[in-house]
Each structure stands twice: as structure tokens, then as C-alpha cells.
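K.L.:
Here you go, one structure.
The values are calculated or read from the model by the stated rules, or taken from the named source; none is laboratory data. Here the structure is a predicted model, which is why all the values come from computation and not from measurement. Cβ sites come from the backbone with ideal geometry, for glycine too, and all protein chains shown count toward neighbours.
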Amino acid sequence: MSEQQGGEQGEQTVQLGQGTGPLKGVRVVEIAGIGPGPHACMILADLGADVVRVERPGGQALAGGTAMLLNRGRPSVALDLKNPEARDVVLELVRTADVLVEGMRPGVTERLGLGPDECHAVNPRLVYGRMTGWGQDGPLAQSAGHDMNYISIVGALFGLGQDKGRPHFPANLVGDFGGGSTYLVIGILAALLEAKVSGQGQVVDAAIVDGTAHLNAMTNAFANSGGYTEERAANLLDGGVPFYDVYETSDGKHVSVGALEPQFFDALVTTLGVEDTCPGQADLDRYDEMRAVLTETFKGRTQAEWVETFEGTDACVAGIIPISEAVQHPHLVARGTFVEHHGMVQPVPAPRFSRTGATLTTPPPAAGEHTRVALTAWGISDVDGLLDRGVAVQA
């Protein structure tokens, strides 16, 4: 695993984290939060945007410090946002920015004097990105919540898992990052394109409930067509069919089987050597028998043996491995999906570009690590005075 180097941008540029991707030249002000907001700003920074992360002195709970990869690729500036002078500093940053990202409860930035009206007054072209769970309005807008709560009310969590008795949540991947930060980035990029035509910025209201509902559109389609049962492990993609499920191997590990199409199912049973004993894919009444055949067969060899057997086939079978092994998977090694960068193994920027390739730059900073250099680079005057008065803090 090789060390990924940042772009050749000069010492100060590399220190500030400016990358080489297609968003090079886009300036982003991030009002620091946790979870999906930082993940969205990591994506923007990975793709080359010049992002400055504004956070409270000393950082905040759950932010993760210098080990939090979601904070990579951008400098950290510590400002006391309860101080009116700090508000003025943020508005000066906004004046030359293309995007602002905030993830506070609705109304908080307005009370700080940093809401959309104040920001658009100094920069009408600004794209103002807001990341919340419930959205900016609605009965639950002011309530606390986390990933599993948001995906609960849109019908996504109900059907997850193969346990008929209770749903199982997939960490915070579906809500925070699938329905949250991903949709915030989509919204920001769309608004940036529109602003180039209109000359006007706008507010992007990215709510995890909205994004997750949209992410779950295929389930809605199945439900509308009558092809969906509101029961776990009873549908095409939730383990309800034996040829799209997880099977245990002889060493207690597991493989994933996704042989949905007829030609892939044929490759599955042929490679397993059960084409003469396994019921056909269309034999709906014999799925229990098919599952028993597949279960018994996969238990006959280790995971590694099955991976070797299915390597290069169209049977859609893969070994289920932990992240510690994923970083060494031959396919991912060949693509360079994970690299060691500044002493931490981490995923490289995604997606990839043929002409404006993205590069990793700076590691996750301590809160306020770059206050002086970043504020100076963004054109803020009297930085030493701000530090002396406690408006800004240099870690």
C-alpha cells in the first residue's frame, strides 16, 4: 500500500488542503458540525474545493479530533461565534465564498447573525447549504434525532435485515451519508451550476428524511406495483429469495450471493455443482428446498475456497470481509481504493476523473490548528488582533 501524496500546489496551499480535482477554485465556508455535514465537506474538499472549517475553540463532542477522516483536506479555524466580531469574520469569509455549509438546528445560524439573509446580503451568489435530519420545517424540525430515527419514519428501516422479528440498522450509512451528505452535495453542485447562469445563489435544504425517501424510490415502485410485501426477508432484495442472500461457509465466515438474472443463477448452480439437484429459479414453491441445497453446499468449503472457486465467474458471489481485510483485497489494491496517507489508511476520493484527478492533501486537523494561516490566506485583516481579543483561537 503506497503513500498517497498531495498535489504539487506549493507549501502553503498544501498546508491549507487545496486539492487538484474538478472543484479546484470553488471556495467553501463550513460551519463545523458532526456526521453528514463534515462528510459532505470532505467530499467537496476531496474533489478540489478550497474549504475552510470554522469551529468552536477546542472543537466539539463527537468531532473525532485528528483521527476523524471526515475532517481531512481542509484547514480548521477556531472562532467564538457568540462574539459579534467572529460573526463579522465569517461574513467576510462568505463575501468571497461560493458555498456555505451548516448543520445546526433550524434557526440557530439566524440567531448568530449568519443566516441566509445576512449571508446573501454580502454575497448574492452564495449557495447556502443546510444539513438537518428533519428539515427546516415540519412538526419535528426542532427535535433532536439521529440516523436511525430519520430512516424510521420514511419506511426505510422497517424493511432492513433478514430477521422477521425485528429490523436491523446498518450503522449510520443509510441516513447520515446515503440520504444526507450525498444529497447535500448533489444539491450544492446543482445550485452552483444554476448560479453560473442566473448570477443568484439560493438555499439548499438537505434533510435526511427527504434524501432517504428519495433513495428508497425503488421500494416505492415495488410497493406501487404490488410486488412488495411489508415483511422482512420476504422480498426480492431482502433475503426473501434464496439466490439473493448470505450463506455461511465451513469456517464460520460468509459469502454474499446475488444471482438475480437467469444467466447468473445458471452460473451459480453450475459452479456449485448442484445444477442437477437444485430446483429451478422459477420454481417458487420449491424455494425452501433451494435454500437448503445452497446452505448445505456452501457449508462444505471455507470462504477462501469458495472465493477462489467463483473468481472471474458471473455467478455474483463474493466473500464478506471486515474492513481490516478490505484494504488488502486484490481488486481494491489494484484500483488503489485505499491508501496510507499521513499514517492513516483511508479511502481515496471518489469518483474518479480522467482529466482533473483528485488527490488527498492534508490530514484531519486539530480544532483551530490553522486559524492564523487560513484567515490570512482568505484575506481577513488584523488576524493577530482577533487572536489577542479571543475572537479567534490558534491551537
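K.L.:
For segment 310-341, give me the residue count where each residue is more than 17 Å from Lys253 (Cβ to Cβ) and in contact with a helix residue (DSSP H, G or I) (Cβ under 9 Å, 6 or more places away or on another chain).
P.N.:
Within segment 310-341, residues that are more than 17 Å from Lys253 (Cβ to Cβ) and in contact with a helix residue (DSSP H, G or I) (Cβ under 9 Å, 6 or more places away or on another chain) number 8.
K.L.:
Right, next: Looking at (1) modelled with pLDDT of 95 or more; (2) crowded, with 17+ Cβ neighbours inside 10 Å, find the lone condition where Glu248 falls short.
P.N.:
Looking at each condition in turn, Glu248 falls short on (2).
K.L.:
Follow-up question, since we're still on this one. Could you figure out which of (1) surrounded by 14 or more Cβ atoms within 10 Å (Cβ to Cβ); (2) in a strand (DSSP E or B) isn't true of Ala267?
P.N.:
For Ala267, the exception is condition (2).
K.L.:
Ok, one more. In segment 149-203, which residues are of a type outside the set (A, V, I, L, M, F, W, C), outside any helix (DSSP H, G or I) and in contact (Cβ under 8 Å) with a residue 40 or more places away in the chain?
P.N.:
Initially, segment 149-203 is screened for residues of a type outside the set (A, V, I, L, M, F, W, C), giving 149-150, 152, 155, 159, 161-168, 170, 172, 175-176, 178-183, 187, 194, 196, 198-202.
Now narrow it down to the ones that are outside any helix (DSSP H, G or I): 155, 159, 161-168, 170, 172, 199-202.
Answer for segment 149-203, where residues must be of a type outside the set (A, V, I, L, M, F, W, C), outside any helix (DSSP H, G or I) and in contact (Cβ under 8 Å) with a residue 40 or more places away in the chain: Gly155, Gly159, Gly161, Gln162, Asp163, Lys164, Pro167, Asn172, Gly199, Gln200, Gly201, Gln202.
K.L.:
Checking Val14 against (1) assigned to a helix (DSSP H, G or I); (2) of a type outside the set (Phe, Trp, Tyr); (3) at pLDDT 50 or above, only one condition comes out false. Which one?
P.N.:
Here Val14 clears every test but (3).
K.L.:
Could you check how many residues of segment 212-236 are without any contact (Cβ under 8 Å) to a residue 40 or more places away in the chain and under 25 Å from the mean Cα position of the chain (by Cα)?
P.N.:
Matching residues across segment 212-236 total 5.
K.L.:
Go through (1) more than 28 Å from the chain's Cα centre (by Cα); (2) not assigned by TED's automatic domain parsing to the domain that holds Ala144 one by one and return the number of the condition Gly239 breaks.
P.N.:
So Gly239 meets the others, but not (1).
K.L.:
Here is a list: Thr295, Thr313, Thr356, Thr302. Which entry is touching a Leu at 6+ places or on another chain (Cβ under 9 Å), in contact (Cβ under 8 Å) with a residue 24 or more places away in the chain, outside the structural domain of Gly25 (by TED's automatic domain parsing) and of a type in the set (Ser, Thr, Tyr)? Write out each step before concluding.
P.N.:
On the way: Thr295 fails: touching a Leu at 6+ places or on another chain (Cβ under 9 Å); Thr356 fails: outside the structural domain of Gly25 (by TED's automatic domain parsing); Thr302 fails: touching a Leu at 6+ places or on another chain (Cβ under 9 Å).
After applying the criteria, what remains is Thr313.
K.L.:
Criterion first (surrounded by 15 or more Cβ atoms within 10 Å (Cβ to Cβ) and either within 16 Å of the chain's Cα centre (by Cα) or of a type outside the set (A, V, I, L, M, F, W, C) (or both)) does Asp117 satisfy it?
P.N.:
On the way: surrounded by 15 or more Cβ atoms within 10 Å (Cβ to Cβ): no; either within 16 Å of the chain's Cα centre (by Cα) or of a type outside the set (A, V, I, L, M, F, W, C) (or both): yes.
No.
K.L.:
Identify all residues within segment 48-62 that are more than 24 Å from Gly113 (Cα to Cα) and surrounded by fewer than 24 Cβ atoms within 10 Å (Cβ to Cβ); write none if there are none. First the steps, then the outcome.
P.N.:
Going through segment 48-62, the residues more than 24 Å from Gly113 (Cα to Cα) turn out to be 48-49, 62.
Scanning segment 48-62 gives a single hit, Leu62.
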